[in-house]
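Notes follow the structure.
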Amino acid sequence: MKQHRNWVIAAFVILLAIAIAAGTSDLWRPGTVNEKGKGYVAVIRIDGPIYGGPDTEALFSNGGNVTSEQLMKEFKMARQDPQAKAILVRINSPGGSTGATQEISEEMDKIRSSGKPIVISMGDMCASAGYWLASKGNYIFATPATITGSIGVYMDYSNIEGLMDKLGVKNEKIKSGAHKDILSMYRPMTEEERSMVQSMVDDIYNQFVQTVADGRKMDEAKVRTIADGRIMTGKQAQDLGLVDAMGNYYDALSYAASSGGIEGENIPVKSYSGGMSLRGILSGEAKGFADIFAAKLAESFSKTLLQSDSLMVK
């Protein structure tokens with residue numbers, strides 16, 4: 001039993017050291033928030049499709065959430081953080097929900113109104129709703145081969161009525177109004193319904209065009225000439241005025257730092273994502289993780305020792 005107890009103590013010490021290292025890595029990791037106390041660049045990542053949903057901070061989440069509530073929270077924290085001198089938004093997204101995108105973009109507008117610069121760094125892809133958000137930035141970086149653009153809106157639906165007829169299956173429903181099943185896959189859309197849906201698509205499209213025109217300070221008519229849903233490379237987008245400069249993440253980070261008045265080669269950064277996610281733990285960005293984990297370990301350690309003692313008595 002004594003050997004078992006020694007193993008428990010050794011395991012506790014090792015895990016505690018890992019927790020402390022994870023929680024305090026900002027002290028020794030280059031370019032982190034504690035460096036010289038000169039402020040930092042807040043880095044917000046949009047990685048994947050953008051959709052509406054709650055802020056999730058599960059212990060072993062993938063750390064790559066792009067829900068509207070999570071991103072709104074991060075932008076709000078960056079705006080209210082006095083040490084965040086500039087915001088770098090790294091976008092690698094094919095697009096997503098318009099409603100979620102507009103919620104996020106409102107928080108970006110608040111940051112710009114506060115006077116803090118927003119710099120955009122495009123990754124492999126920054127298209128559709130991804131570009132909607134990119135257009136909210138003060139300055140946009142992309143690589144020559146970045147896939148971007150796709151300024152447009154669509155709403156799709158399927159019609160399997162013919163297949164159902166072949167299978168001898170008939171769909172029936174009781175509805176409160178003529179258009180309640182307007183996007184049903186079991187019947188064709190009427191001309192009146194198609195006109196309704198088209199007007200919705202046109203309305204959202206006009207909002208998209210206006211957002212790009214305002215953000216890029218471009219004439220709306222010029223935006224419409226390229227807002228036909230086409231995708232383009234980063235270099236083509238620059239030629240059309242949709243991107244400001246060619247450069248990678250570090251080029252954008254350096255520009256964001258200088259925009260925020262931060263000098264030096266090792267640029268301090270701050271991330272508000274991760275929470276208690278595994279990626280946040282491993283990157284040292286899990287806020288307060290060391291304290292929380294140490295407390296949990298201490299509790300578990302105490303219980304284990306009590307159990308060991310009781311076994312020894314027996």
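Miscellaneous remarks
- Simple spin-label estimate for Met164 and Asp55 in nanometres, 7 Å along Cα-Cβ: 4.3 nm
- Size estimate for region 154-217 follows the Kirkwood approach: the inverse of mean 1/r over distinct Cα pairs works out to 14.2 Å.
- Full-extension gain in nm, Met246 to Glu193, via 0.36 nm per residue minus C-alpha separation: 14.6 nm
- Near Thr146: Cβ cut-off under 15 Å, other residues only, Lys/Arg at +1 and Asp/Glu at -1. The net charge is -2.
- Region 133-195, relative contact order [Cα under 8 Å, separation at least 6], %: 33 percent
- Amide H contacts of Ile140 (H built 1.01 Å from N, under 5 Å, at least 5 apart or other chain): Ile120, Asp244, Ala245
- Close amide H partners of Leu88, meaning residues 5 or more places away or on another chain with modelled amide H under 5 Å apart, are Ala42, Val43, Ile44, Val119.
- Cut-off 14 Å between beta-carbons: net charge of the residues surrounding Gln238, Lys and Arg +1, Asp and Glu -1: -1
- Within the shell defined by Cβ-Cβ distances under 15 Å, the residues around Asp228 carry a net charge of +1, with Lys and Arg each +1 and Asp and Glu each -1.
- Span from the region 107-126 Cα centroid across to the region 183-204 one, whole angstrom: 34 Å
- Legend: distances between Cα atoms for Lys116/Lys217; Lys116/Lys136; Lys73/Lys116; Lys136/Lys235; Lys110/Lys222; Lys110/Lys217; pairs beyond 21 Å are Lys110/Lys222.
- Taking label positions 7 Å along the Cα-Cβ direction at both Asp219 and Ser176, the computed distance is 4.8 nm, reported to one decimal.
Rule-based calculations on the coordinates, nothing more; no lab input. Note that the structure is predicted; figures quoted are calculated from it, not measured. No Cβ is skipped: glycine too gets one built from the backbone with ideal geometry, and neighbour counts run over all protein chains shown.
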